[in-house]
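Every number in this text was worked out from the coordinates using simple rules, so none of it is lab data. All values reported here derive from a predicted model rather than from experimental measurement. Because the Cβ atoms are built from the backbone with ideal geometry, glycine has one as well, and the counts that use them run over all protein chains shown.
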Amino acid sequence: MKQKRFLSLLASALTLALCAALCAAALVQYAQGAARRAASGSALTPVFTRAEAVRWARILAPLALAWLLTAFAAAAFGIQPRKEQPGRAARPLPAPRQTGGWLRRTLYAIALILVALGIYNGGLHDVLVKAINICSECIALG
């Protein structure tokens, strides 16, 4: 029982660590790319490059591998949410707690910041152009 609890806590901790590391890597890549774009003086200089993405993938690969192995181990040990057993009366659900509101607001704020950075980077225009091209090809306007 203690091993399952430890494995469950480890999987949760690794999930949070991987999420934080990926967000930090994206923000660092953006800051470096924006500085590179400002130094070149051209709006055509890409903010995100394939070489930088590969470099960060190599840095984060051990953490991702540890997370993946822990997820497989948790699945092998059968760690899953508790299910009701047939024939037993269902217990009433506890009243929902109002904890975690700060986490939800923080994640919304991070999401809005990343969306704003994507729009500032020109991602909105790229998506619009791709959508126009796809629609034009599907209905044969182009």
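Counting beta carbons within 10 Å around each of Glu52, Glu137 and listing the fewest first gives the order Glu137, Glu52. For the stretch 1-81, taking the reciprocal of the average inverse distance between every pair of different Cα atoms yields a Kirkwood hydrodynamic radius of 14.7 Å. Translational diffusion of the stretch 100-142, estimated by Stokes-Einstein from the Kirkwood radius over alpha carbon pairs at 4 °C in a medium of 1.567 mPa s, is 104 µm² per second.
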